[in-house]
């Protein structure tokens, strides 16, 4: 279950970053409208993928923020050739710890009155 959840987080992150990057290329680098259209389609997929998670909206999107941090740094490293420094790595590690606490820490079910 955790591996499926992590897969969905990574897939959503790649869609968000990839779709956003295509829009970036269209606007900032003058690429064709097809970049914008494909980017928009991929961004719609990003909006759908998190709904496949089993937890509630707030928890999923809070945890996703940590995954996004890591993926954005990896994207920048691989695509823009900006090597993360030790503070980037430390921050990403802290964010991942937060992801695991938010999403996967065992807890009792509580109901808000």
Using only the alpha-carbon atoms, how far is helix 86-104 inclined from the longest principal axis of the chain? Give it as 0 to 90 degrees, nearest 10. 50
The extension gain from residue 56 to residue 107, computed as 0.36 nm times the residue separation minus the Cα-Cα distance, is 17.0 nm
FRET efficiency for residue 89 and residue 24, using Cβ-Cβ distance with R0 set to 22 Å, rounded to 0.05: 0.35
If you line up the long axis of helix 33-48 against the longest principal axis of the chain, both from Cα atoms, how many degrees apart are they, to the nearest 10? 0
Folded to 0 to 90 degrees: helix 57-79 orientation relative to the chain principal axis, Cα: 40
Out of [x] 8.3; [y] 6.9; [z] 8.7, which label holds the value of mean projected area of the Cα convex hull in nm² that was computed here? [z]
Projected label distance in nm at residue 48 and residue 10, using a 7 Å step from Cα toward the beta-carbon: 2.1
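How high is the FRET efficiency from residue 31 to residue 1, r the C-beta distance, R0 41 Å, rounded to 0.05?
Values: r = 40 Å, r/R0 = 0.96.
Efficiency, rounded to the nearest 0.05: 0.55.
Throughout, read-outs are computed from the coordinates displayed, never taken from laboratory work. Values in this document were obtained by computation on a predicted structure and should not be read as measured data. Note that we place each Cβ from the backbone using ideal geometry, even for glycine, and neighbour counts take in every protein chain shown.
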